[in-house]
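Quick notes on the structure that follows.
The values are calculated or read from the model by the stated rules, or taken from the named source; none is laboratory data. None of these values were measured; they are calculated from a predicted model. Glycine also receives a Cβ, built like all others from the backbone with ideal geometry; neighbour counts cover every protein chain displayed. Side chains included, ligands, DNA and RNA excluded: accessible areas come from the protein's heavy atoms. Shrake-Rupley method; radii C 1.70, N 1.55, O 1.52, S 1.80 Å.
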Amino acid sequence: QVQLEESGGGLVQAGGSLRLSCAASGFTFSHNAIGWYRQAPGKQRESVATISIGGDTDYPDSVKGRFTISRDNAKNTVYLQMNSLKPEDTAVYYCKVNIYWTDYWGQGTQVTVSS
């Protein structure tokens, strides 16, 4: 079955960095686009980065220039490098893959940025 497992979250001061990982299994990783999303308390889940099969990336303006998504098809893993973190980046971060019109999510990893 499809499984996604996020790791790398934690507590960091504003201006710091974190690198999240999402380990995938149960599907052909290299044949699918992957996305990172986040959800802060009381807010809707939002996309923060996507990477295509070919490695093309996309970011919303809120994280552009600070976050970088990458993938290692040999390790079935997608990464999210987050730099210059801000308190408003505090959220649970999830990775997601869509396979045959079904979304699969990981359990999430908490990122907390203190001011």
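The slack in the chain from Ser115 to Asp61, taken as 0.36 nm per residue of separation less the alpha-carbon distance, amounts to 17.3 nm.
Across Ile51, Ile69, Ile99, mean-square fluctuation computed from a Gaussian network of the chain (C-alpha pairs under 10 Å connected) peaks at Ile99.
At 1.4 Å probe radius, can you tell me the per residue accessible area of the chain in Å²?
54 Å²
Which log10 I(q)/I(0) values, to two decimals, does the stretch 1-72 give at q = 0.12, 0.13, 0.22, 0.25 Å⁻¹ under the Debye formula with one point per Cα? So the normalised log intensities work out to -0.37, -0.44, -1.19, -1.40. With kT/(6 pi eta Rh) evaluated at 10 °C and eta = 1.306 mPa s, and Rh the Kirkwood radius from Cα pairs, the stretch 62-115 diffuses with a coefficient of 123 µm²/s according to Stokes-Einstein.
When only Cα pairs below 8 angstrom with a gap of at least 6 residues are kept, the chain shows a relative contact order of 36 percent.
Neighbours of Asn83 by Cβ distance under 14 Å: Lys/Arg scored +1, Asp/Glu scored -1, total +3.
Looking at the stretch 60-103, the trypsin sites (Lys or Arg not before Pro) that sit in a DSSP loop and have at most 13 other Cβ atoms within 10 Å of their own Cβ are Lys64, Lys75. When the accessible area of the stretch 2-98 is computed with all protein chains present and a 1.4 Å probe, what percentage of it is carbon and sulfur? Looking at the stretch 2-98 in its full context, I get 44 percent from C and S.
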